[in-house]
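Visitor: Sending over a structure as structure tokens; questions will come in a sec.
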Amino acid sequence: MKIIIIGTGNVATNLAAAFARKGINAPMVSSREGLDRIDPSADVYFYCVSDNALAEVISQVHVSPRALHLHTSGTVPNTVFGPDKPHCGIFYMIYSFSKEHIIEDFGQVPVFIIANGIDDTTAIYALAQNLTSRIYEVKPSELNKLHVAGVFANNFANLMFALAKDMLKGTSIPFEALLPIIDTTAAKVHTLTPREAQTGPAARGDINVIEHHIQLLPSKELRDLYLTLSRLINPHISL
């Protein structure tokens, strides 16, 4: 099986490394370096580029119609592939990818697949099995909701860590002091639902603590954010 990965960013780098660990050569090709000269003999082409560039990059690849074309976006529909690429699909991996931290155990990465027909679905599933057993066939509408859920679970959660670090500026307390509670919070939802794991002043309805915290926050934006989040935890909070 011959695979080419178009893109050299975080997702592409980790995907290439994952295939390499399985003895499958999957070279990366920059989307900016003459895609008209790309090797036309590959069996699978992965498109690991930004959503904004995806349609343009796909249109520049002209290879055999027997090849399988897959993009890794969680928001772009499968229809981005034209009639010249009849075998196509989506290979979305919900994970926080980074070039600086190559994933050593790709088996922990969930892969969500979409294809036009049973044959392509079977081919994508077999391809994913080289990397992980966590494979889910989903509908486009489900993938859209998953992507939003991922933003809340990852991107917004990371923003909370950043805001927490900012709160400690000017004190003698390092951000590392928060790592145990961050790790514990993440570990809890492996055995409890997030609602069951919720603690803190909002969950308790402790208005005095909430008011005190709000007074400590340095901007109206942060005060409004704190109150909004507290009310999402406990709708009965009124201030």
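Visitor: Report the residue count in the range 1-49 for those that are in contact with a Gly (Cβ under 6 Å, 6 or more places away or on another chain) and β-branched (Val, Ile, Thr).
Guide: Residues meeting the conditions: 1.
Visitor: Can residue 112 be described as among the aromatic types (Phe, Trp, Tyr), under 15 Å from residue 16 (Cβ atoms) and crowded, with 17+ Cβ neighbours inside 10 Å?
Guide: No; evaluated as a whole, the condition is false for this residue.
Visitor: Looking at (1) of a type in the set (Val, Ile, Thr); (2) more than 30 Å from residue 2 (Cβ to Cβ); (3) under 28 Å from the mean Cα position of the chain (by Cα); (4) surrounded by 14 or more Cβ atoms within 10 Å (Cβ to Cβ), find the lone condition where residue 138 falls short.
Guide: For residue 138, the failing item is (2).
Bear in mind these aren't lab numbers, they're just calculated from the coordinates by the rules spelled out. A quick note: this is a predicted structure, and the numbers were derived from the prediction, not measured. When we count neighbours, we look across all protein chains shown, and the Cβ atoms used for this are built from the backbone with ideal geometry, even at glycine.
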